[in-house]
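What follows is a set of notes on a single structure, which appears directly below.
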């Protein structure tokens, strides 16, 4: 029962604490009785996640779409219901709490919806229509949060919630995602303190060596569930636990805290998912599945840069090698696939996957299309951390320069992404074929603003009504392909996937449905030239009728080759 499992977690995380008292405190914070049993199937096994080929997510800020007659969250719901109903099943609304910086990720009040966006009723309405994902910005809080003000005044509880360091601490191995200083000096009522700031001076790190802080976040999880949230995105969770003399990244206490949260949400009758946000090299990212007892989903962070590299260079060797070397996901877990997000295209995930010269080639090309680079500290130097750009702008051309294939190249990226094992997620700016917002970036002084334009609702409606506009072309074709995808059992997140060995200039893989009845081959021409796909490279057995779902054209196994136009994708299946 719950009490027994929590006891094991607590004994590992807080070995010097009163375990029984802390277990009772956690159960009270999450409103579960200590003797709660985990919901089970008829066969007596743990309840499995309820995802399927029907599932996909929209990623958006709460104020991406504006109008004069509705609050932004109401515009978000209207966009979802009017344009994406039946296309996406879930929505990740990026931090919708009061904040002081970083476009929402410096949270100043975890219990409140920003009044300029809407209120909890708006959040609940969205959650009643779509599976709602909310950020839990767990590593740090805003310097404007009451906890930090209490820290400065030497008052409880905030006095013990903020992570500090001393001059004797060995911090030489700490891994940083930013070039800013790690520590900032603050004058408090108890004297000067060195405050730990992984992401910058306005985002003060929290100290989870204090179990009262953990209980506060557990209370928040329960509160968010009651407000309609069904997926928790644990932001920057890899940095959660700090121990001088270590990298302070991926420590065992961090993993155990995630296991504890997984235990709690698995004991709730509703289906609640945890997703960890760890923008790190691919092999480190996979550790957050644990033994099927940590995250239900992890972000497929290596995919966006590898996909962009393949489409810019016309070479799939690095993307294919990564696909072949990636282990299958554990039972009850899956990947959260995406090609673009509110942040830039991270480069840490391809450390060891792309040679430095290939990374430079890619970044230089993206910069030539108006993108920018954000750097991070690496020893005494600074190295590229992410490419800041909309995906649509990044795919304006290739390493040879801009061309006329931007829309087709972009659609190829989306088709590959939505075909992979896992659940696909589409950033709203991708649906809208957004170009880099240089005006917004200059106004904010932040590179990431390139990828965060805001839209008037009427502007979107107007552009979507003009069939020749890039937005309308991209939006309608993405919706069409998503609709086809939802009908294919071979696209179930857990369906088998194998990488194909096909001619250069193309990328492909095979999906097999869980019942082994549907075989589906996904192949994309990743170049600006015509390519001939050898049908002999695929197992198109003769006693079935084959069709390309995207074009509707039959595919005959006896044919030697199938001609693919520049950036054309095919979904060849034995079931129409």
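What follows is calculated from the coordinates using simple rules that are stated; it is not laboratory data. On a predicted model such as this, the values are computed, not experimentally measured, just so you know. Cβ: placed from backbone, ideal geometry, glycine included. Neighbour counts: every protein chain shown.
How far is the Cα center of the stretch 371-385 from the Cα center of the stretch 229-289, in Å?
Using only Cα atoms to place each centre, the spacing works out to 25 Å.
How much space per residue, in cubic angstrom, does the convex hull of the C-alpha atoms of the chain take up?
With only Cα atoms used, the chain gives 149 Å³ per residue.
Relative to the longest principal axis of the chain, what angle (0 to 90°, nearest 10) does the C-alpha long axis of helix 252-266 take?
Orientation of helix 252-266: about 80 degrees from the principal axis.
Take the Cβ-Cβ distance between residue 545 and residue 129 as r, set R0 to 41 Å, and report the resulting FRET efficiency rounded to the nearest 0.05.
About 0.60, to the nearest 0.05.
Write down the percent of antiparallel bridges among all DSSP beta bridges whose residues are both part of the stretch 46-144, to the nearest 5.
Roughly 10 percent of the beta bridges in the stretch 46-144 run antiparallel, per DSSP.
Test of understanding: ordering 324, 133, 471 by Cβ neighbours within 10 Å, fewest first, what list do you get?
The most exposed by this proxy come first: 324, 471, 133.
Taking the Cα atoms only, what angle lies between the long axis of helix 19-30 and the longest principal axis of the chain, rounded to 10 degrees?
Here the helix axis deviates by roughly 60 degrees.
Taking the number of other C-beta atoms within 10 Å as the exposure measure, put 277, 442, 435 in order starting with the fewest.
Ascending number of Cβ neighbours within 10 Å: 442, 435, 277.
Over the Cα atoms of the stretch 293-385, each weighted equally, I'd like the Debye log10 I(q)/I(0) at q = 0.20 Å⁻¹, rounded to two decimals.
Relative scattering, expressed as log10 I(q)/I(0), comes to -1.06.
Over the stretch 496-573, what number does the Rg to Rh ratio reach, with both radii from the alpha-carbon atoms and Rh per Kirkwood?
0.94
Using only DSSP helix segments of four residues or longer, with each worth -39500 (n - 2.57), what per-residue ellipticity at 222 nm results for the chain after dividing by its residue count and rounding to 500?
Per the formula, -8500 deg cm²/dmol.
Using Cα pairs under 8 angstrom and six or more residues apart, how large is the relative contact order of the chain, in percent?
Relative contact order here is 12 percent.
With the alpha-carbon atoms as the only input, what is the per residue convex hull volume for the stretch 135-184 in Å³?
Expressed per residue, the convex hull around the Cα atoms of the stretch 135-184 is 117 Å³.
Taking neighbour counts of Cβ atoms within 10 Å as a proxy for exposure, in what order, fewest first, do 136, 383, 466 appear?
466, 383, 136
As I understand it, the value is the acute angle between the Cα axis of helix 2-13 and the longest principal axis of the Cα atoms of the chain; what does it come to in degrees, rounded to 10?
80
Quick one: of the DSSP bridges fully inside the chain, what percent are antiparallel, nearest 5?
The answer is about 60 percent antiparallel.
Give the Cα extents of the stretch 368-444 along the principal axes, in whole Å, largest first.
Principal extents (Cα only, largest first): 41, 30, 28 Å.
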